[in-house]
Amino acid sequence: MSEKKKLLSTKEAAEYCGFKLSYFRKLMMRRTIPMYKPTGKLCFFKQEDLDAFLTGVRISSQDEIEEEANRYITSRK
């Protein structure tokens, strides 16, 4: 991408996220993914919006969960 902020098409956004186009369209229909729709049909996406969507829900590793549990237990004594 150039220095200039570029909006991605639906196909480009789906590829960027690693989703099949049909699944990406389903996310669009459910309004799960942020998009820009300046005209009646075309939708566009900002890369930073897609990055935020993809990293929005982090799952902790088992080690992190155990470490947090140990901190909790030791702090209660």
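The values are calculated or read from the model by the stated rules, or taken from the named source; none is laboratory data. Quantities reported herein were computed from a predicted structural model and do not represent experimental measurements. With ideal geometry, Cβ positions are generated from the backbone for all residues, glycine too; neighbour counts draw on all protein chains shown. SASA here: full protein model, heavy atoms, side chains in, ligands and nucleic acids out. Shrake-Rupley method; radii C 1.70, N 1.55, O 1.52, S 1.80 Å.
Remarks
- Axis angle, to the nearest 10 degrees, between helix 62-75 and the longest C-alpha principal axis of the chain: 40 degrees.
- Of the solvent-accessible surface of the chain, computed with a 1.4 Å probe and all protein chains present, 54% belongs to carbon and sulfur.
- Using the 1.4 Å probe convention, the accessible area of the chain works out to 85 Å² per residue with neighbouring protein chains retained.
- Within the chain: Cβ-based charge dipole about Cα centre, in debye rounded to nearest 20 (Lys, Arg +1; Asp, Glu -1): 640 debye
- Backbone HN-Hα couplings from phi across segment 7-18 [Karplus 6.51/-1.76/1.60, Hz, Gly and Pro as x]: 8, 9, 6, 4, 5, 5, 5, 4, 5, 4, 7, x
- For the chain, adding -39500 (n - 2.57) for each run of n ≥ 4 DSSP H residues and dividing by the number of residues yields -14500 deg cm²/dmol at 222 nm.
- Approximating the spin labels as points 7 Å out from Cα along Cα→Cβ, the Gln62-to-Ser75 distance works out to 2.5 nm.
- Note on the chain: dipole from Cβ charges, positive end direction compared against Ala69, Phe53, Leu8; the farthest Cα belongs to Leu8.
- The modelled label-to-label distance for the pair Thr55/Leu27, using points 7 Å beyond Cα in the direction of Cβ, is 1.5 nm.
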